[in-house]
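Peer 1: Sending over a structure as structure tokens; questions will come in a sec.
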Amino acid sequence: MFNKKDRQILLKEHVRKVLSPLGDVETFLEGISLHEGLLTIVLNADSRFETSLDKIQEDLRENLKDFPDIKNIIVTMSQHKTMPADSLAIEGIKSIIAIASGKGGVGKSTTTVNLAAALAQAGQRVGILDADLYGPSLPMLMGITEKPSVSADKKLIPIQKFGIHCFSIGFMIAPEAPLIWRGPMIQSTLRQMLKDVLWQDIDILLIDMPPGTGDVQLTLAQQVRMSGAIIVSTPQDIALIDARKGLEMFRKVNVPVLGIIENMSIFHCPHCGQPSEIFSHGGAKREAERLQVPFLGEVPLDLSIRAGSDGGIPVVIANPQTPEAESYKAIAKKIITALEQKEGALKAPPIISVV
Ligand code: ADP
């Protein structure tokens, strides 16, 4: 039986072997770290790797699949020499926040558009990037049917709706087209959506992440300099288990978690006014306390929120004075405060643990 140390040596040797066709491994391999199943390989900032990272990642996945300790592999480049210190920042954007959920259907996209509207009403210049490649819903939620135009230098121009700058893969394809992605396509599409979209003077970009903690989420969390992540969950235990996984993923890649939102919290009967706890209540707040992250607020389960999403006009825009719109506005205020407080920390380069 191999002990832990032997396994580490074996793993490092294996990684070196897989990388050896690329040249003298000692000259470009900067670090290997394995933390809770996530293997991170850091290569030095050599431009020849820029276009082949996906391929290297795939090769490693294929060759290391017999290592039971490894659940996922990320290959990244270090930041020095040829790469500017802020290479992970997206031009034209001050702060980027990922809106994530452990599983689908908890209202992440609905929360994203309403928060964007509330942030815009609070005076921020806001963008939304719909990175949910498997189920892009931004076109429907914002009632956008047109295609983005292209700038003189061939960049895609986000579509403005209700004063919010929007981009979604859904703008480029027919709504009923099935989206089937292979690993490398995901990576290159994401990179394109990050680099080839012309964001201009955006204060806060909300990224509507795909649900879960797979490849797309990891790639985004690692390649983009995010100011923070927000986790959306319903109050039920079953949703909270997944939310916890999402939170752990962001922690692992050093993205600060700005907090948890409880969506579909209390339901107030429109006829008798009585509150009902359809999906339970208070679970996200308790979870936030347990995990020591801020609790950002509750959004009720409400007909007008659902109708706003289906009708392409977020409730914060359609009915800004209602209690449900107020719940989003209160959360938006907390986000702005959190970003102001983090300002200093945002400027620090991302940390990658290298062994
Ligand atoms: P996700 O992005 O997590 O998959 P969606 O935002 O698409 O979830 O929401 C799933 C469904 O739930 C949609 O029909 C949406 O209109 C509805 N929904 C989301 N949040 C609420 C809410 N607070 N009250 C009522 N309906 C909601």
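Peer 1: To check you understand DSSP bridge types, tell me what percent of the beta bridges within the chain (both residues inside) are antiparallel, rounded to 5. Don't skip to the answer; put the middle values down first.
Peer 2: Values: 12 of 47 bridges.
The answer is about 25 percent antiparallel.
Peer 1: What number, in percent, do you get for the relative contact order of the range 88-343 if the mean sequence gap of Cα pairs under 8 Å and at least 6 apart is divided by its residue count? Provide the component values of the computation, followed by the final result.
Peer 2: Values: 521 pairs, mean separation 70.0, N = 256.
Reported relative contact order: 27 percent.
Peer 1: For the range 115-168, just say rounded, prolate or oblate: build the C-alpha gyration tensor, square-root its eigenvalues into a ≥ b ≥ c, call rounded for a/c under 1.5, and beyond that prolate if a/b exceeds b/c, oblate if not.
Peer 2: Details: a/c = 1.93, a/b = 1.23, b/c = 1.57.
The shape class here is oblate.
Peer 1: So, one more: Calculated from DSSP H runs of 4 or more alone, at -39500 (n - 2.57) each and per residue, what is the 222 nm mean residue ellipticity of the chain, nearest 500? Display every interim value, and only then the final one.
Peer 2: Values: 12 runs with 133 residues, N = 355.
Calculated at 222 nm, the ellipticity per residue is -11500 deg cm²/dmol.
Peer 1: For the cross-link pairs Lys71/Lys108; Lys154/Lys245; Lys12/Lys252; Lys65/Lys285, which exceed 30 Å when the distance is taken from alpha carbon to alpha carbon?
Peer 2: Values: Lys71/Lys108 25 Å; Lys154/Lys245 38 Å; Lys12/Lys252 21 Å; Lys65/Lys285 38 Å.
From the list (Lys71/Lys108; Lys154/Lys245; Lys12/Lys252; Lys65/Lys285), the Cα-Cα distance tops 30 Å for Lys154/Lys245; Lys65/Lys285.
Peer 1: Between Gly297 and residues 5 or more places away or on another chain, which pairs have amide H atoms under 5 Å apart, with H built 1.01 Å from N, and which residues are they?
Peer 2: When sequence neighbours closer than 5 places are left aside, the close amide H contacts are Glu262.
Peer 1: Pick from Ser188, Ser151, Ser227: which residue has the top mean-square fluctuation in a GNM of the chain where Cα pairs under 10 Å get a spring?
Peer 2: Sorting by GNM fluctuation, first place goes to Ser151.
Peer 1: Determine, for His271, His281, the number of other Cβ atoms within 10 Å of each Cβ, and report the residues in order from fewest to most.
Peer 2: Numbers: His271 6, His281 20.
The most exposed by this proxy come first: His271, His281.
Peer 1: Here's a follow-up. Using a Gaussian network model on the chain with a 10 Å cutoff between Cα atoms, which of Ala325, Ala116, Ala338 fluctuates the most?
Peer 2: Ala338
Peer 1: Give me the log10 of I(q) over I(0) for the range 216-274 at q = 0.19 Å⁻¹, as the Debye formula computes it from C-alpha points; what are the numbers?
Peer 2: These q points yield log10 I(q)/I(0) values of -0.71.
Peer 1: Here's another thing I want to ask about it. Using only Cα atoms, locate the centre of the range 211-225 and the centre of the range 100-150, then give the distance between them in Å, rounded to an integer.
Peer 2: 17
Peer 1: How would you rank His35, His14, going from fewest to most other Cβ atoms within 10 Å of each one's own Cβ? Don't skip to the answer; put the middle values down first.
Peer 2: Working: His35 11, His14 15.
With the sparsest Cβ surroundings first, the list reads His35, His14.
Peer 1: For the range 88-343, compute the orientation-averaged projected area of the C-alpha convex hull (one quarter of its surface), in nm².
Peer 2: Numbers: hull surface 52.7 nm².
Result: 13.2 nm².
Peer 1: Next up: Based only on other Cβ atoms within 10 Å, what is the fewest-to-most ordering of Glu30, Glu289? Don't jump to the answer; show the numbers that get you there.
Peer 2: Values: Glu30 15, Glu289 12.
Ranking Glu30, Glu289 by Cβ neighbours within 10 Å, fewest first, gives Glu289, Glu30.
Peer 1: Determine by what factor the alpha-carbon radius of gyration of the range 4-77 differs from 2.2 N^0.38 Å, reporting the quotient. The partial results should precede the final answer.
Peer 2: Values: Rg = 11.6 Å, N = 74, 2.2 N^0.38 = 11.3 Å.
Against the empirical 2.2 N^0.38 Å value, I get 1.02 for the range 4-77.
Values in this text are rule-based calculations from the coordinates and carry no lab data. None of the values given here were measured: they were computed from a predicted structure. Don't worry about glycine lacking a Cβ; one is built from the backbone with ideal geometry, like all the others, and counts go over all protein chains shown.
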